[in-house]
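Here the structure is laid out as structure tokens; the discussion comes afterwards.
The values are calculated or read from the model by the stated rules, or taken from the named source; none is laboratory data. In this text, all values refer to a predicted model and were calculated from it rather than measured experimentally. Quick reminder, even Gly has a Cβ in these numbers, built from the backbone with ideal geometry, and neighbours come from all protein chains shown.
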Protein chains: 2
Amino acid sequence: MGMDLATLAARVATETRIPVTGRDIERILVALLSAEDVWRIAELARIPLLALCAGLRALADAGWVSWESWLVRLTDAGAQACTQLGLSPAPALDCPRCGGRGIELGLLNQLSAAFHELAADRPDAAQEFDQGHVTEETTISRVAEMWRHGDLAGKDLLVVGDDDLVSVAAALTRLPRRVAVLDVDPRITSFIGKVAKRESLRIEILSHDLRAPLPRSLARAFDTFACDPTESLEGFLLFAGRGLASLRGPGSAGYLGLTHAEASLAKWRAIQERLVAWGAAITDLRDAFHAYVNWPYVETMRGWEHLPVRRVPGRLEPWYRSALLRIELVTEATVDLGPVEGNIFLDDEAATT
Amino acid sequence: MGMDLATLAARVATETRIPVTGRDIERILVALLSAEDVWRIAELARIPLLALCAGLRALADAGWVSWESWLVRLTDAGAQACTQLGLSPAPALDCPRCGGRGIELGLLNQLSAAFHELAADRPDAAQEFDQGHVTEETTISRVAEMWRHGDLAGKDLLVVGDDDLVSVAAALTRLPRRVAVLDVDPRITSFIGKVAKRESLRIEILSHDLRAPLPRSLARAFDTFACDPTESLEGFLLFAGRGLASLRGPGSAGYLGLTHAEASLAKWRAIQERLVAWGAAITDLRDAFHAYVNWPYVETMRGWEHLPVRRVPGRLEPWYRSALLRIELVTEATVDLGPVEGNIFLDDEAATT
């Protein structure tokens, strides 16, 4: 990694207050070697969106990058720099059958069809709660992952925040013993309630703001929890901590989503340090497992103004992805989180709130 | 999880001195619901082999399991217990195209063919060094994973212990800037040397016992390291620590293998705690990514006598698998490992030494 990348990284880190390495600048360049559309670049670069935006401006100032309409391109000087740095496009090596998830969904066709039908008139993602839901195929894949790990059949499942409708897909399999949902958004709880009633699915639905500790009846009561946390460090740990507090004990498991778009690897590390300290081992971490439907508030999200070029992406043109993180308790959970107050969605890396 | 599983787990934990949870006993039962061959059961259960062996004996004493010739089966009472516990066979959901790895190897056919040819007369795995190499397809997949992550093209790669011949496959791509190998086994270093000479591959080969710190010239000199550590906690951390010490700094990455067969989730957690403390984030953890060729010393390995039924598995009938763990430095590495002495292969969970 040349001196230049480290200098650029330092500039971007100072501007954004996000930990950015020379390697992150390199990731931007590799993305630029592979795509021109700003959303594809964002998907491929796998660094915080705000760091990407600042990085593109820094690269433009260096004469390596330029843009027009919604395309961002390497200049001749930029392309030369890439060659000198030994960089080449990332190979497209995702398995074309499973999209890189490694899961065969053929077995679950019936479930998928039923879920698609039920999810058709779901509520739109709401900015107020930092929502943004995954594609229906993603929800089914997440449930499949629980099933293959033995975290679904005969188990008690708590879904902590459920705009992804994991509770519905899980209950549709008829495999879990118990399915419960916590959500703060009345549109979500009432939608799940209606679907459950119509389809005779046993889903317990609780309206709850996660800033408060779990209701006593839910503590140490579940085998599995699932959530897709907001990604400020504090917010992520709040979701994860509440989830861990809901688990029975050693052998119980949690599923979480974690992005690059709003979380630097420094944040990943801070999260992992805490999860491990709380008594969990990380058993699986599959990057880009979750694909998100583009939300209706993209033009008012924090990152929008930072983009060098602006185009509203199509609803089903996913660029925002997250890793699937599975953790399993190996000791009793030792989460020490009381009530918190105020905005849990915001930190320097947040881009979609 | 019933009281019985916890009691059984406690017995197994006491006997084996391995951390075993009720959930681990459940994993044995689910494996028994899905297979009868002892090696398939070992593959599916995903717990330490010695804990599995003790668990099967405990389940036999409870009247839930019996065996004859090389098959292990649930008894009627065992099957009933599974039903009462709500357990069912694990679904076979691995993508049939990529085997669950998520990688399309079609692009790499030429590389694969060349590698197969070169690896044909490789040295056999040696018990003295706790060797056991992965299948050739696995080595290619590991190199593909490095490539897609940007850890191969134009980069400096150190392979720390290389009975898997990662250095050869990596050099064959002609993508890395530098490939270096450390190994203590003269059969491996001389084999790689011969191949490199014949194929005009630039591979630096060093004979080195990892119990000693890295040669000064290799410290902070690489972008990427790869290793498949021995799995005693001390041995694993020694490989990982030497690897991290070889990395340039933030943005540099390491690839490691980690099994269930010789590492409880408690050990996974201890490893993860240390990796994070040393300055790394875990960026990818794909379970069962690596498949191993059965080694010639299976009948003299530590676990053999513990098996309830004994059959020498076929060479290409993999049961021993490991996760692919990718880590990336987010700060300078802070590894504090001096020279160590004595046997680094043994702890309570070791089964194949």
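One table, with the values for the structure above:
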read-out: Members of the range B:86-98 that are touching a residue at least 24 places away in the same chain (Cβ under 8 Å) and facing another protein chain (nearest Cβ under 7 Å); value: B:87, B:88, B:90
read-out: Candidates B:293, B:335, B:276, B:340, filtered to the one that is out of contact with any strand residue (DSSP E or B) (no Cβ under 6 Å at 6 or more places or on another chain) and without any contact (Cβ under 8 Å) to a residue 24 or more places away in the chain; value: B:276
read-out: Residue list for the range A:23-57, filter: more than 24 Å from the chain's Cα centre (by Cα) and either more than 13 Å from chain B (Cβ to nearest Cβ) or buried (at least 22 other Cβ atoms within 10 Å of the Cβ) (or both); value: A:57
read-out: Boolean, residue B:103 is under 30 Å from residue B:170 (Cα atoms), in contact with a helix residue (DSSP H, G or I) (Cβ under 8 Å, 6 or more places away or on another chain) and among the hydrophobic types (A, V, I, L, M, F, W, C); value: yes
read-out: Selected residue (criterion: farthest from residue B:228 (Cα to Cα)) from residues of the range B:156-179 that are touching a strand residue (DSSP E or B) at 6+ places or on another chain (Cβ under 8 Å) and either surrounded by fewer than 23 Cβ atoms within 10 Å (Cβ to Cβ) or β-branched (Val, Ile, Thr) (or both); value: B:177
read-out: Selected residue (only one of A:348, A:284 is closer than 30 Å to residue A:148 by Cβ and acidic (Asp, Glu)); value: A:284
read-out: Subset of the range B:58-85 [surrounded by 15 or more Cβ atoms within 10 Å (Cβ to Cβ) and within 12 Å of another protein chain (Cβ to nearest Cβ)]; value: B:82, B:85
read-out: Check on residue A:26, acidic (Asp, Glu), touching a strand residue (DSSP E or B) at 6+ places or on another chain (Cβ under 9 Å) and not assigned by TED's automatic domain parsing to the domain that holds residue A:316; value: no
read-out: Among (1) surrounded by fewer than 17 Cβ atoms within 10 Å (Cβ to Cβ); (2) away from chain A (no Cβ under 11 Å); (3) touching a residue at least 12 places away in the same chain (Cβ under 8 Å) - the single one residue B:111 does not satisfy; value: (1)
read-out: Test: residue in the range A:279-294 that is modelled with pLDDT under 95, of a type outside the set (D, E, K, R) and either within 30 Å of residue B:259 (Cα to Cα) or in a helix (DSSP H, G or I) (or both); value: no
read-out: Odd one out for residue A:210, checked against (1) modelled with pLDDT under 95; (2) surrounded by fewer than 19 Cβ atoms within 10 Å (Cβ to Cβ); value: (2)
read-out: When residues of the range B:272-288 are limited to those that are within 9 Å of another protein chain (Cβ to nearest Cβ) and under 16 Å from the mean Cα position of the chain (by Cα), the one farthest from residue A:252 (Cα to Cα); value: B:284
read-out: Qualifying position, being crowded, with 18+ Cβ neighbours inside 10 Å and assigned by TED's automatic domain parsing to the domain that holds residue B:219, among B:324, B:316; value: B:324
read-out: For residue A:298: the one exception among (1) more than 30 Å from residue A:250 (Cα to Cα); (2) touching a residue at least 60 places away in the same chain (Cβ under 8 Å); value: (2)
read-out: Verdict on residue B:14 being more than 25 Å from the chain's Cα centre (by Cα) and within 19 Å of residue B:347 (Cα to Cα); value: yes
read-out: Residue within the range A:248-259 that is on the phi > 0 side of the Ramachandran plot, surrounded by 24 or more Cβ atoms within 10 Å (Cβ to Cβ) and part of a loop (DSSP other than H, G, I, E, B) present; value: yes
read-out: Test for residue B:101: is it within 8 Å of chain A (Cβ to nearest Cβ), of a type in the set (D, E, K, R) and touching a residue at least 12 places away in the same chain (Cβ under 8 Å); value: yes
read-out: Residue tally, condition within 9 Å of chain A (Cβ to nearest Cβ) and either more than 29 Å from residue B:292 (Cβ to Cβ) or in a loop (DSSP other than H, G, I, E, B) (or both), over the range B:319-343; value: 2
